[in-house]
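Down below is the structure, laid out as C-alpha cells.
Just so it is clear, none of the values below were taken in a lab; they were calculated from the coordinates. Remember, predicted model here, so these are calculated numbers, not experimental data. Cβ sites come from the backbone with ideal geometry, for glycine too, and all protein chains shown count toward neighbours.
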Amino acid sequence: NVPLVIAMDGPSGSGKSSASKGVARALGLRYLDTGAMYRAMTWWMLQNEVPVQDQAAVAASAGKPVLESGTDPDNPTITVDGADVSAPIRTREVTNAVSAVSAVPEVRARMVALQREIIGTGGIVVEGRDIGTVVMPEAPVKVYLTASEAARAARRAGDLTADPGATVTVTQAEQARRDRLDSTRKASPLTKAPDAHEIDSTELNLGEVIEAVVRLAKETQ
Ligand code: C5P
C-alpha cells in the first residue's frame, strides 16, 4: 500500500480547490494548495515593491520570503514571514500579478522544492498546474480537471462577490488572460499529463467530481 498522492491540475475556476479539499476530507488525507504558495510569493513581491514584470528583479528576491503552508483541508492557511496571508492573497491585485511571478524559473524551483518537502512520503491531495507533470509525475492518481470557460468564469465571479469590479465579464477576461499566460509560459506550463484522467466538471456538481476522484483513488489501492 503505497502512501497516496493525488495530483489535481487544471485551469483557474475548474473547481480544483473545492474538489481537492472534499477528496482529502473523504479519504482522510492532507491537502496542499500550491496556487496559494505562488499567490503568497506574489503578495510579498507587491508588498516589497518588486516590479513583478521584471523577471530579473523577481528572480533576485525569490529566496527571501519564508512561506509556511498548513495542510488541513478544513483550515488551509498560509503564512509569509509568520503572518497569515490567507485572505490578502485572494485580492484581484494579487490574482492579476501572479502569472508573471509564477513564470520565473527561480520562483518555480523554490516552490517545487518546498512542495516536495511537504508532500514527503504522501497521504496528500495536491492541487496546482504542474503537479502531475513536474512536481510529482510519479503520483499514483493524476486528475486534470476542466470546465467550459463560461462555467469557470461564473465560479470565479462567485468567489469574488465582495469586489465590485469583478463582474462576470471582467472576471472572464482576466481569467482568460491568466490561463493564457499560465499555459504558454516556458517554465512548466499548464498542460495535461499524458497519463492524467481528464474530468470535465461543466455538467457535474461538486459531490459528483469528488466521487469520481475518490473512485480513481480506490482503484489504485
Ligand atoms: O490555483 P490558483 O488560481 O490559486 O493559482 C494562482 C496562480 O499560481 C496560477 O494562475 C498560476 O500562475 C500559478 N500556479 C502555478 N503552478 C501551480 C499552481 C499555481 O504556476 N502548481
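Here the range 42-110 was treated as a single set of alpha-carbon atoms; its pair distances binned every 10 Å from 0 give 20, 53, 25, 2 percent. Using only alpha carbons, the chain has a radius of gyration to Kirkwood radius ratio (Rg to Rh) of 0.94. Legend: helices of the chain (whole DSSP H runs) are marked when their alpha-carbon atoms reach 18 angstrom or more along the helix axis and their mean Kyte-Doolittle hydropathy is at least 0.5; marked are 206-220.
In whole percent, what relative contact order does the chain give with Cα contacts below 8 Å and a gap of six or more residues?
Working: 362 pairs, mean separation 73.8, N = 221.
Dividing the mean separation by the residue count of the chain yields 33 percent.
Label-to-label distance for residue 74 and residue 181 is 3.6 nm, based on points extended 7 Å past Cα in the beta-carbon direction.
Every Cα-Cα pair in the range 111-221 was counted, and those over 24 Å apart are 36% of them.
Debye-formula intensities of the range 49-168, expressed as log10 I(q)/I(0) at q = 0.14, 0.15, 0.18 Å⁻¹, are -0.79, -0.91, -1.30 (one equal scatterer per alpha-carbon, no solvent). Were the residues from residue 214 through residue 81 laid out at 0.36 nm apart, the gain over their Cα-Cα distance would be 44.4 nm. A cut-off under 14 angstrom between Cβ atoms defines the neighbours of residue 188, and their net charge, with Lys, Arg +1 and Asp, Glu -1, is +3.
Approximating the spin labels as points 7 Å out from Cα along Cα→Cβ, the residue 64-to-residue 138 distance works out to 3.6 nm. Counted over the chain, the DSSP beta bridges are approximately 25% antiparallel.
Among all stretches of the chain without exposed GluC sites (Glu not before Pro) (DSSP loop, at most 13 other Cβ atoms within 10 Å), which one is longest?
In short, 50-137.
Using the Cβ-Cβ distance between residue 167 and residue 55 with R0 = 30 Å, the FRET efficiency computed as 1/(1 + (r/R0)^6) comes to roughly 0.40. Converting the Cα gyration tensor eigenvalues of the range 169-221 into ellipsoid dimensions via √(5λ) gives semi-axes, longest first, of 27, 18, 7 Å. Spatially, the range 63-82 and the range 1-44 are offset by 13 Å when compared through their Cα centroids. Between the range 92-127 and the range 205-221, the C-alpha centres lie 24 angstrom from each other.
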